[in-house]
Amino acid sequence: MPLFDSILDTVGRTPIVKLHRLAPKHVSLYVKVESFNPGGSVKDRLALAVVLDAEAKGLLKPGDTIAECTSGNVGIALAMVAAARGYKFVAVMSDSYSIERRKLIRAYGGKVILFPAELGSSGGNKIADELAAKHGWFRARQFDNPANPAYHRETTAAEILSDFAGKRLDYFVTGFGTTGTLTGVGQMLKLARPSVRVVAAEPANAAVLAGKAWSVHQIQGWAPDFVPSVLDATVIDELRPIDEVVGRNTARRLAAEEGIFAGISAGATVATALDVAQNAAEGSVILAMLPDTGERYLSTFLLEGMNEGSDDEWLAGLSASEALLSPA
Ligand code: PMP
C-alpha cells in the first residue's frame, strides 16, 4: 500500500468477492463490496467526482457551501469530501431515511434539513434549488450531473473490466438511484464486453422504469419518483422488479451466511441476481453491486425484530447463571 495523502485517495478500487452459500451450484455469483469506500458507500465516488469536476470548472472555491437533496449516502459522502477539502455542506433529506444518516452527516460537520417523504425526491430537489439560489450555494445535482456516470465509467467500470479481464462474465446486476452506476458501468460493458447482460432492478412497489406508479418504498437509495436525466436506458437489457421484504431478507442472509453486512439495496440486488440465476445457463457468472454497509440501517426494518437483550436459551440449569435468570 502507498502512504495516502488524503482520505479521498482511498475512494474506489473496491473488492469483488465470491458468494459461497446463497447462490445455486450451477452459477458463480460475485459481489462488488462498495462499503470498502472510506465513507461506507458507492456514493463516495459520485461526491468526489462532482467536487473535482466543479473545482476544475472554477465553480467551487475554498469555504463555499455545497447543497444537495440526498437519500443519505450522498449526503454522508459529500459531507466527508467537503470536510476533507475545506467546504461546508447542507443536506436536504426525506424524513423517511434512517437516523444514522442524519447523525453521520452532522458528525462530518454538515447540516441536515428534513422534508416529508410524501413530497418525494422531486419535492426535496425544489427545496434544495430554492435554498441554493437564495444563499448562493453550489448544487451537486447528482441526478443530472454528467460527472456522475462519467466517474463510474472511469472507476467502477474500469475496476470490473480489469478484475474480470480474461474471465467469464455473463450478467451485471444493479439497482439505481441516480442511475450513475447503471449508466456508467452499463456503457463501458456495452463497449468492452457487449455479451454481458445488464440487469436493472427496481422496487416492485415503485417500478417507474417499467411504467408502474411510484410509491414510498423501503429500499433506501433506490428508485426516485422521477426518471433521472443521467440515465442511458439503452444499456438496460433486462428490467426486474424485486419485493422490498425479499431484498431485506436477502441482506440478512448475506450477513449471516456469507459474512458480508450490506444495506437493503444490496440485499435487493443480490435477491435479483438470485432470480437471474434461476434461469441462467450452467456455469454462468453473475456480478451484483453491493452499494453500502448494513451499519447505515441499524434502526430500520433491516434489523426489525432482532433481539436487543441477552440470548438466554443456553443458561438454564447452569449454577453460575442462576442470578442472571432469576426474575427481576
Ligand atoms: N443503493 C444505495 C444505498 C444508494 O445510496 C444509492 C445511491 N443513491 C444506490 C443504491 C444507487 O446508486 P446510483 O445513484 O449510482 O444509481
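The values are calculated or read from the model by the stated rules, or taken from the named source; none is laboratory data. Keep in mind the model is a prediction, meaning the values are calculated, not measured. Neighbour counts run over all protein chains shown; Cβ positions are idealised from the backbone, glycine included. Note: areas computed on protein heavy atoms with side chains; ligands, DNA, RNA excluded. Shrake-Rupley method; radii C 1.70, N 1.55, O 1.52, S 1.80 Å.
If a residue has to be more than 19 Å from residue 302 (Cα to Cα), in contact with a strand residue (DSSP E or B) (Cβ under 9 Å, 6 or more places away or on another chain) and open to solvent by 10 Å² or more (accessible area, probe 1.4 Å) to count, how many in region 60-79 make the cut? Spell out the reasoning first.
First pass over region 60-79, keeping only residues more than 19 Å from residue 302 (Cα to Cα): 60-70, 74-79.
Now restrict to residues that are in contact with a strand residue (DSSP E or B) (Cβ under 9 Å, 6 or more places away or on another chain): 60, 63-70, 74-79.
Now drop any that are not open to solvent by 10 Å² or more (accessible area, probe 1.4 Å), which leaves 60, 63-65.
Summing the residues that are more than 19 Å from residue 302 (Cα to Cα), in contact with a strand residue (DSSP E or B) (Cβ under 9 Å, 6 or more places away or on another chain) and open to solvent by 10 Å² or more (accessible area, probe 1.4 Å) in region 60-79 gives 4.
Residues checked against (1) closer than 26 Å to residue 96 by Cβ; (2) outside any loop (DSSP other than H, G, I, E, B):
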| residue | (1), (2) |
| --- | --- |
| 270 | yes, yes |
| 274 | no, yes |
| 286 | no, yes |
| 295 | yes, yes |
| 302 | yes, yes |
| 305 | yes, no |
| 311 | no, no |
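Given the criterion more than 21 Å from the chain's Cα centre (by Cα) and not assigned by TED's automatic domain parsing to the domain that holds residue 225, identify the matching residue among 126, 103.
Numbers: 103 fails: more than 21 Å from the chain's Cα centre (by Cα).
On inspection, the qualifying residue turns out to be 126.
Can you tell me which of 182, 169, 231, 191 is open to solvent by less than 40 Å² (accessible area, probe 1.4 Å), away from the ligand (no atom under 15 Å from the Cβ) and not in a strand (DSSP E or B)? Quick ask: steps written out before the conclusion?
Working: 182 fails: away from the ligand (no atom under 15 Å from the Cβ); 231 fails: away from the ligand (no atom under 15 Å from the Cβ); 191 fails: open to solvent by less than 40 Å² (accessible area, probe 1.4 Å).
Only one candidate qualifies: 169.
Going residue by residue through region 319-326, is there one that turns out to be surrounded by 10 or more Cβ atoms within 10 Å (Cβ to Cβ) and either within 15 Å of the ligand (Cβ to nearest atom) or assigned to a loop (DSSP other than H, G, I, E, B) (or both)?
Of region 319-326, the ones surrounded by 10 or more Cβ atoms within 10 Å (Cβ to Cβ) are 321-322, 324-325.
Next, only the ones that are either within 15 Å of the ligand (Cβ to nearest atom) or assigned to a loop (DSSP other than H, G, I, E, B) (or both) stay: none.
Checked region 319-326: no residue is surrounded by 10 or more Cβ atoms within 10 Å (Cβ to Cβ) and either within 15 Å of the ligand (Cβ to nearest atom) or assigned to a loop (DSSP other than H, G, I, E, B) (or both).
Would you pick out the residues in region 148-187 that are assigned by TED's automatic domain parsing to the domain that holds residue 219 and within 15 Å of residue 228 (Cα to Cα)?
Passing the criteria: 175, 176, 177, 178, 179, 180, 181, 182, 183, 184.
Please determine, by comparing only the residues of region 60-75 that are within 22 Å of residue 295 (Cα to Cα) and either part of a strand (DSSP E or B) or touching a Phe, Trp or Tyr at 6+ places or on another chain (Cβ under 7 Å) (or both), which one is farthest from the ligand (Cβ to nearest atom). Break it down into steps so the answer makes sense when it comes.
Residues of region 60-75 that are within 22 Å of residue 295 (Cα to Cα), as a first pass: 69-75.
If we keep only those that are either part of a strand (DSSP E or B) or touching a Phe, Trp or Tyr at 6+ places or on another chain (Cβ under 7 Å) (or both) too, we end up with 69, 71-72.
On the way: 69: 11, 71: 5, 72: 7 Å.
Once the filter is applied, the top-ranked residue is 69.
Would you mention how many residues in region 290-316 are out of contact with any Leu (no Cβ under 9 Å at 6 or more places or on another chain) and within 16 Å of the ligand (Cβ to nearest atom)? Full working, then the answer.
Filtering region 290-316 for residues out of contact with any Leu (no Cβ under 9 Å at 6 or more places or on another chain) gives 291-293, 295, 298-309, 311, 313-314.
Checking which are within 16 Å of the ligand (Cβ to nearest atom) leaves us with 291-293, 295, 298-303.
Total meeting the criteria: 10.
Inside region 9-42, can you point out the residues that are in a helix (DSSP H, G or I), in contact (Cβ under 8 Å) with a residue 40 or more places away in the chain and open to solvent by 10 Å² or more (accessible area, probe 1.4 Å)? Walk me through how you get there before you give the answer.
Taking region 9-42 as the starting set, the residues that turn out to be in a helix (DSSP H, G or I) are 9-10, 34-36.
Cutting the leftovers down to in contact (Cβ under 8 Å) with a residue 40 or more places away in the chain gives us 34-35.
Within region 9-42, just 35 meets the criteria.
If residue 6 satisfies every condition in (1) open to solvent by 40 Å² or more (accessible area, probe 1.4 Å); (2) among the polar types (S, T, N, Q); (3) over 19 Å from the mean Cα position of the chain (by Cα) but one, which is the exception?
It fails just one condition, (1).
Restricting to region 96-112, give me the number of residues that are open to solvent by 40 Å² or more (accessible area, probe 1.4 Å), outside any helix (DSSP H, G or I) and closer than 17 Å to residue 221 by Cα. Let's see the steps before the verdict.
Pass one, region 96-112, residues open to solvent by 40 Å² or more (accessible area, probe 1.4 Å): 96-97, 99, 102-104, 106-109, 111.
Now narrow it down to the ones that are outside any helix (DSSP H, G or I): 96-97, 108-109, 111.
Narrowing the set further to residues that are closer than 17 Å to residue 221 by Cα leaves 96-97.
The total comes to 2.
Need the failing condition index for residue 244 against (1) in contact with a His (Cβ under 7 Å, 6 or more places away or on another chain); (2) under 20 Å from residue 41 (Cα atoms); (3) open to solvent by 50 Å² or more (accessible area, probe 1.4 Å), just the number.
Every condition holds for residue 244 apart from (3).
From the list 5, 95, 9, which one is of a type in the set (Asp, Glu), more than 21 Å from residue 293 (Cα to Cα) and away from the ligand (no atom under 13 Å from the Cβ)? Outline the logic, then answer.
Details: 95 fails: more than 21 Å from residue 293 (Cα to Cα); 9 fails: more than 21 Å from residue 293 (Cα to Cα).
Going through 5, 95, 9 in turn, the sole match is 5.
Tell me yes or no: at least one residue of region 147-166 is more than 12 Å from the ligand (Cβ to nearest atom), assigned to a loop (DSSP other than H, G, I, E, B) and open to solvent by 40 Å² or more (accessible area, probe 1.4 Å).
Yes, there is a match, as at least one residue in region 147-166 is more than 12 Å from the ligand (Cβ to nearest atom), assigned to a loop (DSSP other than H, G, I, E, B) and open to solvent by 40 Å² or more (accessible area, probe 1.4 Å).
State the number of residues belonging to region 235-256 that are farther than 14 Å from residue 19 by Cβ and free of Cβ contacts under 8 Å to residues at least 24 places away in the same chain.
Going through region 235-256 one residue at a time, the tally reaches 2.
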